[in-house]
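The values are calculated or read from the model by the stated rules, or taken from the named source; none is laboratory data. These numbers were taken from a predicted model, which means no experiment stands behind them. Cβ coordinates were reconstructed from backbone atoms using ideal geometry, including for glycine residues, and neighbour counts include every protein chain displayed. With ligands, DNA and RNA removed, areas are computed over all heavy atoms of the protein, side chains included. Shrake-Rupley method; radii C 1.70, N 1.55, O 1.52, S 1.80 Å.
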Amino acid sequence: MASTNRRAAPARSRRSAPRGSKRRTGPKQKTKFFDYPRTGYHGLHRWLPSWRVVVGTMLGFLFLGAGVVVAAYAFTEVPTASAADVKAQATTVYFAPHDDGTPGKVMGTFAAQKRTLVDYDTLPKYVGQATAAAEDKEFYSSRSGISIKGMGRALINNLKGGQTEGGSTLTQQYVERYYVGTTTTDYVGKAKEALVAIKIAQTQKKPEIMGNYLNSIYYGRDSYGIQAAAKAYFGVDASALTVEQAALLAGIIPSPNNWDPQVSPSKAEARWNIVLDSMVDSGWLDGAKRDAMVFPQTIPYERSNTFAGTNGYLLDMVETEMKADYDVGEDRLFKSGYSIVTTIKEDMQDAVVDQANQYAAGTLDGQLGAVPNADVRASISTMDPKTGAILALYGGPDFLTDQRNRVKYDKIQAGSTFKPFALTAALEQGVPLTTRFSGRNNMKITGWDPNGDDVVSNFGNENEPNIDLIKATAMSVNTVYAQLNMQIGADKTADVAARAGVPEPDRNNGNVLGTQTVRPVDMLNAYGTLASGGTYHAWHVVDTVKDSKGNVAYTADTEGKRVFAEDVMADVTYAMQQVVQDRRGTAHQWVAPLDRPIAGKTGTTQFNKAAWFIGFTPDVVTEVSLSQQVHEPPHNGTVSMDKVLGKDVTGGSWPAFLWQSYMKKVFAMPAYSQVVPFPDRANVGSKAKPTHAPPVPSQTAPAPIVTEEAPTQVEVPGGLENKLEADATAAIAKVGLTANISAASSDTVTVGRVIRVDPGGGTMLDRNGTVTLVISTGPKVAPTPTPTPTPTPTPSPTPPAPPAAP
């Protein structure tokens, strides 16, 4: 048996490496850049990073985070403040300055936020200190702009689910209010605010930060910024705040609506004490002075609406005018801090509102009786004819309940208030005031009406003889003016109305009788042109506008444009004065007792649907109109021409009565107490060869007449003052009148010359009537004047009952 020799293999060690320990097997392996999961480990240990990895990772993230923060800070830009509208200031509207030059009071404001910016330098030092004591005691000493401690405390509290709280410094609050504009609640937003706060703390000085903060924060009572708050709580400027007042305002900043002393006096006082104690701790207030301080009293606060009441109509007109005439849109108007001085005189506005209120209540002194109709809409407005400035205006009782301004938007039939436009057109064509027409009632004037209704009637069916244009104006005789309009051309009357200020007047024959509907403000403007002597001024309510820095931004254009000759206007106003002075004038009963030269015209529409009186002196013009209101849709609140005011309501009754009752107060005001005369009558066309009106075929009345026949009445010659007695007497005799001579002393008129004429030039008297000439005897020779003969006036009959005329 063969045998095999084998080498015994070495025995393998049965010891194994400890469990979990790294065991090297085989050849040495190359180290990995990132050994994970860990090589050589088993089980859980293979997945746990080493301490070196943990520390390295933490350091990496730390440096990465720091880099992100540094990069974020480097790229963070301070936003502009405009995003938050913190520079927006309320626009304040004022009444016109008083006659003594003192500023008018505030009429109202236009505001996105009620704010007026003030310079921090104008505020007492303790205003800022009180605010820092309340919001951030470290404000003046800290350079970081943030509080790590405060932010950390707030974060931990919020994470625990506690009541949300902030850890913001005053600088962070400033960023939120001044640059962001909204309250930030998310952590990312807070982080951004913190970065901006850090940058601002390094780039802006403390006074700038505090000043902007005080101008931007909300203090309650609809007030933004320290100036508005000082006015709302104490009625003073911020520069006049006391330490006690400043501490109260600072204390309520976190919750102003809830901690307002008017809402919660105990909480407000508790906060006030905290602020004062904090000021003492910070060394800003002496302890002894603090102990002597008493909680300040605030003024009552009532939430108001700027557009409430009668002023709302005025403010609406200001807003519209700023947009239309000065291209100031709502955004600029409500945020630019303009100071707008209006043309509205406060005393006159008070008088016109009081007049309208008393009229509606039936309590006017001497009132004619009950208001004609509960739905009657009364408009009253006054204008300066020399500038076009609206001085007072009653647009309605309350803008919030009825936003239709009666003066600006109501359209009312003009009635006989259009007749002066025809008279002006006639004078421009050389037709004198002495031109005479038949005043017969129910006159048929061929071609008058395109529909064939050619009969024209007088108001009240009054028949008048051949009368001149002066009498026809005083008594408002329709048939005379209808004939005149046919003679001169209705388009000429319309052209005059347009030049005077009436937009797009009708050009039909009936325009002279006021068939067109017009706005009261346009008739006011047109009569202002007549009152000014022929110069048109566009009506306006804005006089001067200043920007937030006090620089004049806009001023009203009051230069005007001459549209009528002065001599034509002199004759027009002379004829219109007879509406008041003539005993048969339609406004004589109520307006004549004011005892001063007043020109005007009444207007009454057919069936008494509307009534007017527009009267003026050379320095003031006022319109009064009455019309009806519609309640039925779709025309709610508009004017109706289908309802009757009442049979007794004519231009010479209620409107004339209201006009004189209001203007009596105006004429008592110093600015209007002086009697201003009208220019003397110019007698336009009186030297020209008389021309006859074209014949008008008529079946029921004679054609209109321009006659040279001796009239039953003659006119007292004008211009006799300062003439020699002989010359004046001759002039009186020449026209068929008798002169009665009286004497009086005079310091200004030479001996033997005429001081005055009674009745005055232009008055119509019966032939052989008496005219008194008062002749000068020279200056007085003694301190006590000798009695002078009493002039014998023309007999004056008792005034008639109120006329019912247009």
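Straightening the chain between Asp350 and Val735 buys 133.6 nm, computed as 0.36 nm per residue apart minus the Cα-Cα spacing. Annotation: peptides 514-523, 397-406, ranked by per-residue average of other Cβ atoms within 10 Å with the highest first, follow the order 514-523, 397-406.
Here's how it looks for Lys609: its modeled amide H is under 5 Å from those of Leu645, which are all 5 or more places away or on a different chain. Here Thr750 and Ser457 are evaluated by their C-beta separation; at R0 = 56 Å the FRET efficiency comes out at 0.60. In terms of packing, defined here as the mean over residues of other Cβ atoms within 10 angstrom, the peptides 110-116, 227-233 line up highest first as 227-233, 110-116. In sequence order, segment 768-780 has phi-based couplings of 6, x, 9, 10, 8, 9, 9, 9, 6, 9, x, x, 5 Hz under the Karplus curve 6.51 cos²θ - 1.76 cosθ + 1.60, θ = phi - 60°, and Gly or Pro positions carry x. Taken about its Cα centre, segment 397-556 carries a charge dipole of about 260 debye when Lys and Arg each add +1 at the Cβ and Asp and Glu each add -1 at the Cβ. Annotation: peptides 423-436, 602-615, ranked by per-residue average of other Cβ atoms within 10 Å with the highest first, follow the order 602-615, 423-436.
Taking only the C-alpha atoms of segment 95-139, Rg followed by Dmax gives 17.6, 53 Å. Its alpha carbons considered, segment 727-769 gives a radius of gyration followed by a Dmax of 11.5, 34 Å. Just the protein heavy atoms count here, and of the accessible area of segment 503-603 at 1.4 Å, carbon and sulfur take up 43 percent. Using 0.36 nm per residue and subtracting the Cα-Cα separation, the extra length available between Asn258 and Thr242 on full extension is 3.5 nm. Pop the C-beta distance of Ala538 and Arg303 into the FRET formula with R0 = 35 Å and round what comes out to the nearest 0.05. E(calc), rounded to 0.05, equals 0.40. Mark the label point 7 Å from the Cα of Met669 along Cα→Cβ and return the residues of segment 100-133 whose backbone N is within less than 16 Å of it. So the set is 100-107.
Amide H to amide H distances under 5 Å link Lys444 with Val456, Gln699, Thr700, Ala701, where only residues 5 or more positions off or on other chains count and H is placed in the peptide plane. Distance between the 7 Å Cα→Cβ label points at Asn722 and Ser742: 2.2 nm. Distances between placed amide hydrogens fall under 5 Å for Ala553 paired with Val545, Lys546, Asp547, all partners being 5 or more residues away or on another chain.
Given R₀ = 56 Å, what would the calculated FRET efficiency be for Ala324 paired with Leu48, taking r from the Cβ atoms and rounding to 0.05? Using R0 = 56 Å, I get an efficiency of 0.10. Simple spin-label estimate for Tyr140 and Lys411 gives 6.8 nm between the two label positions (7 Å along the Cα-to-Cβ direction from each Cα). Computed from the C-alpha gyration tensor, the three semi-axes of the ellipsoid equivalent to segment 392-533 are 29, 17, 14 Å, from longest to shortest. Here the spin labels are modelled as points 7 Å beyond Cα on the Cα-Cβ line, and at Val106 and Thr401 they lie 2.6 nm apart.
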